[in-house]
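The values are calculated or read from the model by the stated rules, or taken from the named source; none is laboratory data. Predicted model, so just to flag it, every value in this text is computed and none were measured. Every residue, glycine as well, gets a Cβ built from its backbone with ideal geometry; the counts of neighbours run over all protein chains shown.
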Amino acid sequence: MELALRDFEKASKRISGMIHMTDLDFSSTFSAMTGGEVWLKCENRQKTGSFKIRGAANKIASMVERGEATPVVASSAGNHAQGVAYAATKNGIKSTIVMPRTAPIAKVQATEGYGARVVLYGDCFDDAYARALEICEEENSTLLHAFNDYEVMAGQGTIGLEILSQLPTVDTVVVPVGGGGLLAGVAACIKQANPRVRLVGVQAEGADSVVRSYREGHLTSRDSISTIADGIAVKAPGDKTVELIMKYVDDMVTVSDNEISAAILLLMERTKQVVEPSGAASVAGVLSGRVDVKDRKAVCLLSGGNIDVSVIHRIVELGLVTRHRRLKFAVRLPDTPGSLMHLLQVIADSGANILTINHDRMCLTLSPNEILVHIACEVGGQDHADSVVESVTSAGYSPTLE
């Protein structure tokens, strides 16, 4: 089956009463940092907190039109779960969502709040998906795949119609990728409407199955995945999504967890946007330079904002280190009165703000009259960090960066 432009247009009309037409915000900060004109498509402000409501709403509405109003089952790390739960409840349909045991508590509670029964199973999307298949057979329900479904992809692709209407002169669209449904839908929609627009997908390097599939020219999966971006942590992409991606997408890149964390922090500080790790992958791709947007009008799709508040502080800390706002090092000192005070004065004189100090007298490489001091301090960037290290070194110490 091929997704035609009319499929996206029909999907847009079908779901118009259930979703927001999200804002397209211009970022002067990101534009200055990249040399391009950077816009943010804010699906993090969408109903249920992510783009997933689009695909779920279109799929369920299509089922209702065909008279297939049976109970539905879905597997998801969180965002598809909430989208299916919301859309099913709105249409008077029972829903069961199988989520990995690692799913954030906030997403589990939100899914239940939208009216679904939640079953926790496995450690990743693929484990949850296998259990969802079993429940479908046991309860004679209909499976709503998170991405490998043409009606789901048609719903996600309605974002493409909105981008083209909001910024007709756009020439690059950057999209986060997990299983590929969002990128496949948006790319198929935009390329058929305006073939000159460049489509780029961004994946976490620890879960890069679509990138591998794209580069190798055939469907490829990973045996294991590791990324902070739980929303795009997928071992195996869909055969339907990969086929469309290979047909319509111009490039695929990967970003590290550190780069994603730095993007989240910048989005918070500069644009006042709360974006989950998977949703910030597009911005990470642009800010890292892997997606070149110099002299281009580029749209970064912020796919979701359902970040677990219990891990925000860890992500922010990682982002601060990545952006050279935190400096950590260790120094050997003589175990005598006043030695630590002298070191701290050197650091203070260099303009750094000391955050933590930890003493280690148990290190096996220390002599009996030495201590190892671990210091974390706040600095103003790479140049300032280098200056602090140089000042400490010039004072006669031998700092070891951590």
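Scan region 196-214 and give yes if some residue there is touching a helix residue (DSSP H, G or I) at 6+ places or on another chain (Cβ under 7 Å), in a loop (DSSP other than H, G, I, E, B) and without any contact (Cβ under 8 Å) to a residue 40 or more places away in the chain, otherwise no. Among the residues of region 196-214, at least one is touching a helix residue (DSSP H, G or I) at 6+ places or on another chain (Cβ under 7 Å), in a loop (DSSP other than H, G, I, E, B) and without any contact (Cβ under 8 Å) to a residue 40 or more places away in the chain, which makes the answer yes. Listed conditions (1) modelled with pLDDT under 95; (2) under 21 Å from residue 172 (Cα atoms) are all met by residue 269, apart from (2).
Close Cβ contacts (under 6 Å, 6 or more residues apart or on different chains) running from residues in region 140-153 that are part of a helix (DSSP H, G or I) to residues that are of a type in the set (D, E, K, R) and crowded, with 21+ Cβ neighbours inside 10 Å comprise 151/59; 152/59. Of all residues in region 60-81, those satisfying the criterion of being crowded, with 24+ Cβ neighbours inside 10 Å and farther than 22 Å from residue 137 by Cα are 78, 79. Hey, among the residues in region 69-95 that are assigned to a helix (DSSP H, G or I) and among the small types (Gly, Ala, Ser), which one's farthest from residue 18 (Cα to Cα)? In this case the residue turns out to be 81.
Rundown of residues vs (1) in a loop (DSSP other than H, G, I, E, B); (2) over 38 Å from the mean Cα position of the chain (by Cα), yes/no style:
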site: 364; (1), (2): yes, yes
site: 377; (1), (2): no, no
site: 380; (1), (2): yes, no
site: 388; (1), (2): no, no
site: 398; (1), (2): yes, yes
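With the structure loaded, tell me whether residue 53 is crowded, with 18+ Cβ neighbours inside 10 Å, touching a residue at least 12 places away in the same chain (Cβ under 8 Å), touching a helix residue (DSSP H, G or I) at 6+ places or on another chain (Cβ under 8 Å) and not in a helix (DSSP H, G or I) or whether it fails that test. No. Restricting 377, 363 to residues that are touching a helix residue (DSSP H, G or I) at 6+ places or on another chain (Cβ under 7 Å) and modelled with pLDDT under 95 narrows the list to 377. Pairs meeting the criteria (first residue in region 96-122 and assigned to a loop (DSSP other than H, G, I, E, B), second residue modelled with pLDDT of 90 or more and aromatic (Phe, Trp, Tyr), beta carbons under 8 Å, at least 6 apart or on different chains) are 100/121; 101/121; 114/86; 115/86.
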